[in-house]
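Let me begin by presenting the structure, written as structure tokens, before commenting on it.
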Amino acid sequence: MPVETKLLIEMSVPGRGRRDYLPESDVPETSLDEYQDLIRNKDSLILPDVAESDAIRHFEYLGSLNYSIDRGVYPLGSCTMKYNPRVNETLANLPGFTHLHPNQPMETVQGALQVMYELQRYLAEITGMYAVSLDPKAGAHGELTGILMIKKYHESRGEGAKRRKILIPDSAHGTNPATAAMADYEEVTLPSDINGNVNLDELRKLMTEKVAGIMMTLPSTLGLFDPNILEITQIVHEKGGLVYGDGANQNATMGKAKFGELGFDVVHLNLHKTFSTPHGGGGPGAGPVACKEHLAPFLPSPIVEKMDDSYLFIKPDNTIGKIGEYYGNFAMVVRAYAYIRAHGEEGLRSVSEYAVLNANYLLSLLQDDYYLKFKRRCMHEFVLSGIRQKAKNVSTMDIVKRLMDYGFHPPTVYFPQKQIVPEALMIEPTETESKDSLDAFAKALIAINKEVDENPEIVRTAPHTTQIGRPDESSASRNPDIHW
Ligand SMILES: Cc1ncc(COP(=O)(O)O)c(C=O)c1O
């Protein structure tokens, strides 16, 4: 059962944190006169008076309350919480990488540049594109980079003022409309058809010469691969627009379909979704952008080139400029490089095969108990609906809270938008879950569905075994109280 957790400061006992058993320092004192402006001279720090062992136990205990991919199934749809292989960590922590300084002369960092260059080439190969920038520090940052490239492309052809709109399917990832707005475009929503694909008639109607392009999430956030993708990219190109690919879900398509061959002009990837780099509390991420040759001059600066036997940074001719300090999230680049090298071509293909197989297996276990709107095979994730349970006054939120009592992290809920799937439960098991863990997860959701009929109150009032019950979720995220 949950126990009340004290703050470290509340554990203070005067004299508990004594250090007087340490020998006197024999380092001569230095005058601090010239640092007076840096010295705190008011509001002295209130530090807890605790022993080292108290502090360690306190933080270890707090850490044990966390749930992570290393503890169990973490089925957050759209977030791809996949296992982070330890070999990635070993390589990213090699002193030759961690001791580098980004201002070092290029001839002293040739190994690091080689890793960046080769990763650029691997990502170009995987996506079927011509050139890559590793700079963007998140998927959404990659989106903004790609859309700014599209904008500059149209401007360079004298069409910037004319093309002010971006088409975004209603099954796109939520960051896509935000990106279009940040790049100062007017966002136009494209409705899905009854199968969850882009409505082609609407696309033909809306795709005019005032449109700069389309942002397509593929597979979509419904976990569906749009079989009309070639037609979609053709319709957009015929009107002079460009096709942006949200390729964050590449986990489902590696070695199977290349964005370049499907007609996309530019695409971003999420190294933390597909290439197993860690999601550390929303970061540090990496969202490289890959593009066709006609967009390469607009890539952010710098990118790595190979000349003879050396590697160097170059500035693309018509670059959109710098999109961040230095050169992206280098430690993530090393991890993704390690992942790709460890798997090889066949291995990456089988990653996608297992991601899709696991999702379809889980879907087949759950679709009798939870409503499935689009009755199709899914890709790496699928979206169920809790509408039947809602009719019995138990919401999707109640169901996933109850899932925590069964020891599982909840899936993503209420996304995509309710107009597409009400009471949505978006589940992504990833390729690294075994059949046993998929069975156990399905068993829990099926048991909860049974409880909805037999003991709905236990679901409505869940969770019952976690440290924190039901916080006010919107205040907790918008106005977190992190003070003591
Ligand atoms: C399809 C898709 N696009 C974009 C993003 C945004 O990526 P990030 O959270 O790194 O900004 C995500 C994140 O999960 C995603 O799933």
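Normalised by the number of residues in region 337-440, the mean separation of alpha-carbon contacts (under 8 Å, six or more apart) gives a relative contact order of 31 percent.
Entry comment: accessible area of region 233-292 is 24 Å² per residue, from protein heavy atoms only and a probe of 1.4 Å. Available extension along the chain between M106 and A476 is 128.6 nm, counting 0.36 nm per residue and deducting the alpha carbon span.
Rounded, prolate or oblate: pick one for region 344-476, where a ≥ b ≥ c are the square roots of the eigenvalues of its C-alpha gyration tensor, a/c under 1.5 means rounded, and failing that, prolate if a/b is larger than b/c, else oblate. The shape class here is prolate. Summed over qualifying helices (DSSP H, 4 residues or more, each -39500 (n - 2.57)) and divided by its residue number, the chain shows a 222 nm mean residue ellipticity of -11000 deg cm²/dmol.
Each residue of region 460-472 was assigned a 3J(HN,Hα) from its phi angle through the Karplus curve 6.51 cos²θ - 1.76 cosθ + 1.60 (θ = phi - 60°); the sequence is 4, 9, 5, x, 10, 10, 8, 4, 10, x, 10, x, 6 Hz, with glycine and proline shown as x. Using the 1.4 Å probe convention, the accessible area of region 344-476 works out to 46 Å² per residue with neighbouring protein chains retained.
Using the alpha carbons alone, the radius of gyration of the chain stands to its Kirkwood radius in an Rg to Rh ratio of 1.02.
When only alpha carbons are used to place a centre, region 4-22 and region 409-484 end up 37 Å from one another.
To put it simply, the accessible area of the chain at a 1.4 Å probe is 53 percent carbon and sulfur. Of the Cα atoms belonging to region 64-151, the radius of gyration and Dmax stand at 16.9, 47 Å.
Structural descriptor for the chain: relative contact order 19 percent, calculated from alpha carbon pairs under 8 angstrom and at least 6 residues apart.
For region 1-100, trypsin sites (Lys or Arg not before Pro) meeting the loop criterion (DSSP other than H, G, I, E, B) and having at most 14 other Cβ atoms within 10 Å: K6, R16, R18, R19, R40, K42, R71. Taking each of K165/K239; K82/K418; K401/K443; K82/K306; K151/K292 in turn, the alpha-carbon distance tops 23 angstrom for K82/K418; K82/K306.
Size descriptors for region 87-343: radius of gyration and Dmax over Cα atoms are 18.0, 57 Å. One quarter of the surface of the convex hull around the alpha-carbon atoms of region 155-199 equals 3.6 nm², the direction-averaged projected area.
Beta bridges from DSSP with both residues in the chain: antiparallel share about 55 percent, rounded to the nearest 5.
The values are calculated or read from the model by the stated rules, or taken from the named source; none is laboratory data. Just so you know, these numbers come straight off a predicted model, no measurement behind them. When we count neighbours, we look across all protein chains shown, and the Cβ atoms used for this are built from the backbone with ideal geometry, even at glycine. SASA here: full protein model, heavy atoms, side chains in, ligands and nucleic acids out. Shrake-Rupley method; radii C 1.70, N 1.55, O 1.52, S 1.80 Å.
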